[in-house]
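For reference, the structure discussed in these notes is given below.
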Amino acid sequence: MTYQNKFSILGFLNNCFFFVLKAIGVFILKMLFHTQVELREKIPARGPLIVAANHFSYMDPIVLQSMFPRRVSFMMTELYYEGRGKWL
């Protein structure tokens, strides 16, 4: 297996894993919590976008990723990387 093929397979598996988890998250959020997204059509399909969320719990990143139509990359403070656990 070549170097490039190895990473293309890992990328494929990463995408499959992401979409399966996202589908499970969407199902759980819609069935158990009856969540809905308002003004989804205002979110651009392409290009850079900054979403600033007011976090109320540690579940917020899961909810954001599940309900947002695009893949979300998260930024967090360095405090999560220090101390016990070091963000596992």
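Tabulated values for the structure
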read-out: Count of the stretch 69-88 residues which are outside any loop (DSSP other than H, G, I, E, B), modelled with pLDDT under 75 and not hydrophobic (A, V, I, L, M, F, W, C); value: 2
read-out: Top-ranked residue in the stretch 13-50 [being more than 15 Å from Ser66 (Cα to Cα) and of a type in the set (Gly, Ala, Ser); ranked as surrounded by the most Cβ atoms within 10 Å (Cβ to Cβ)]; value: Ala45
read-out: Test for Ala53: is it surrounded by fewer than 10 Cβ atoms within 10 Å (Cβ to Cβ) and either over 14 Å from the mean Cα position of the chain (by Cα) or assigned to a loop (DSSP other than H, G, I, E, B) (or both); value: no
read-out: Pairs with Cβ under 7 Å, 6+ apart, first in the stretch 66-88 and of a type in the set (Phe, Trp, Tyr), second surrounded by 10 or more Cβ atoms within 10 Å (Cβ to Cβ) and at pLDDT 75 or above; value: Phe74/Pro61
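The values are calculated or read from the model by the stated rules, or taken from the named source; none is laboratory data. In this text, all values refer to a predicted model and were calculated from it rather than measured experimentally. When we count neighbours, we look across all protein chains shown, and the Cβ atoms used for this are built from the backbone with ideal geometry, even at glycine.
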